[in-house]
Amino acid sequence: KLAGHLYTPDDEAGGRRPAIVVSHPASGVKEQTAGLYAERLASAGFVTLAFDAAYQGESEGQPHLLEDPFHRVEDIKAGVTFLSLRDEVDAERIGALGIGASGGYVIPAAATDHRIKAVATFSAADMGSLFSEGVGRVQSPDVLQGMLDEAGVARTEEAQGKPVRLQQIHPETGEEARAIGGQHGYDGWEYYRTPRGLHPRSENYLVFRSIDLIAQFNAFDKIHLISPRPLLMIVGTEAATAYFSREAIEKAQGPKELFWIDGATHVDLYDKEEYVPTVVAKLSDFFGAHLGETTSNDRHEDRSRQTVA
């Protein structure tokens, strides 16, 4: 079972509404950026679902903290199924939003699930490329080969009943994060490991053998199958991962749009009020245009949230 928060507009307008599945970044949980955007989009009149991926957060699945890209794609489809059965949702007007790594997961989900009528991403990343080639594709191939050696050992150890081997994601200090990953590494550390975005269920580890699953994954290989449904990709001009969105849009068939947020880095779009309203407005316009107008007249009133499983 997946655990999620369902956000519904508080106005009393009747009828079935358009809905959006919101999928969180790698190492994230539903209470962070996914929940923030789900709530803001509910303020625009959409029914939204932010959920924890299988093996993560409050969702079920063992070993806990496994990052399985193929299951992450299925989780998004499961979210679509959940929404399609809700009385307040028009099952013919469901979209999907992927953030960070889920910007890569939502593409194959939408490519092969025609129930998703419109798909959007921001700060999209291809986890397969990130682990195989590093940010900017400057990583030596030997790094992946070494990790795959260790992943195989970890699988055998699990079968022998030994403790699951975990890999820390962000280092302990900002200085270490900057030394290892530059500004991009520091930005991730600051969001996930300081009060800015820290959450106890965003545990900063992944199961080590996740790496051999991640290395098989290609986020944008089937992006052409989204057409003729619409695609929007939003990215900061200063994002170290911007090349993923730029290359993905080039491969997509259309209708498609690449929308730039001037001055923003990858993680800036997760929560910074300097940028979030612009992203929300663009997403609201996009989903409103392609899923049909909502019935909400007030984009700023409080929203109702339910916990679902």
Just read off the accessible area of residue 162 with the full protein assembly in place, 1.4 Å probe, to the nearest 10 Å². 110
Write down the Kirkwood hydrodynamic radius of region 174-276, to one decimal in angstroms, obtained as one divided by the mean of 1/r over all alpha carbon pairs. 15.8
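What is the sum of charges, Lys and Arg at +1 and Asp and Glu at -1, for the other residues whose Cβ falls under 10 Å from the Cβ of residue 276?
Details: positive: 40, 272; negative: 268, 271, 273, 274.
Local net charge: -2.
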Net charge of neighbours whose Cβ lies under 14 Å from the Cβ of residue 262, counting Lys and Arg as +1 and Asp and Glu as -1: -1
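Can you work out the accessible area per residue across the chain, with the rest of the protein chains kept in place, probe 1.4 Å, in square angstrom? Kindly include the intermediate steps, with their values, before the conclusion.
Numbers: 12860 Å² over 309 residues.
In whole numbers, the chain has 42 Å² accessible per residue.
Restricting to Cα pairs below 8 Å that are 6+ residues apart, what does the relative contact order work out to for region 154-209? Please round to a whole percent.
Working: 53 pairs, mean separation 23.3, N = 56.
Reported relative contact order: 42 percent.
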Whole angstrom only: what separates the Cα centroid of region 120-170 from the Cα centroid of region 188-207? 18
So what is the calculated 222 nm ellipticity per residue for the chain, using -39500 (n - 2.57) for each DSSP H run with n of 4 or more, over all residues, to the nearest 500 deg cm²/dmol? -11500 deg cm²/dmol
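Could you sort 157, 67 by their accessible area in this structure, using a 1.4 Å probe and putting the largest first?
On the way: 157 40, 67 5 Å².
Order by accessible area, largest first: 157, 67.
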Quote the convex hull volume per residue of region 1-74, based on C-alpha atoms, as a whole number of Å³. 87
Of 117/256; 30/272; 1/282, pairs whose Cα-Cα distance is over 23 Å: 1/282
Candidate residues 169, 249: accessible-area rank, largest first, probe 1.4 Å: 169, 249
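Rounded if a/c is under 1.5, else prolate if a/b is larger than b/c, else oblate: which is region 53-168, with a ≥ b ≥ c the root eigenvalues of its Cα gyration tensor?
Working: a/c = 3.25, a/b = 1.59, b/c = 2.05.
Note, shape of region 53-168 comes out oblate.
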Of the candidates 31, 247, 203, which one comes out as most mobile in a Gaussian network treatment of the chain with C-alpha springs shorter than 10 Å? 247
Hey, for a label at residue 262 modelled as a point 7 Å past Cα toward Cβ, could you say which residues of region 237-256 have their backbone N under 16 Å away? 237-239
Within region 113-267, percent of DSSP bridges classed antiparallel, to nearest 5: 25
Mean-position separation - Cα centroids, region 1-74 and region 79-111, in angstrom: 9
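Using the alpha carbons of the chain, what is the convex hull volume per residue in cubic angstrom, as a whole number?
Details: hull volume 37.8 nm³, N = 309.
Convex hull volume per residue, Cα atoms: 122 Å³.
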May I ask you to give the percent of accessible area on the chain that is carbon plus sulfur, with a probe radius of 1.4 Å? 49
Relative contact order (percent, whole number), the chain, Cα cutoff 8 Å, 6+ residue spacing: 25
Checked against the positive end of the charge dipole of region 1-121 (+1 on Cβ of Lys and Arg, -1 on Cβ of Asp and Glu, about the Cα centre), the farthest of 42, 110, 18 is 110
Cα pair distances in region 107-220, grouped into 10 Å bins until the bin that holds the longest one, percent each: 12, 32, 37, 18, 1
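The values are calculated or read from the model by the stated rules, or taken from the named source; none is laboratory data. All values derive from a computational prediction rather than experimental measurement. Heads up, the Cβs are rebuilt from the backbone with ideal geometry, glycines too, and the neighbour counts pull from every protein chain shown. When the accessible area is computed, the model is the full protein with side chains, heavy atoms only, and any ligands, DNA or RNA have been set aside. Shrake-Rupley method; radii C 1.70, N 1.55, O 1.52, S 1.80 Å.
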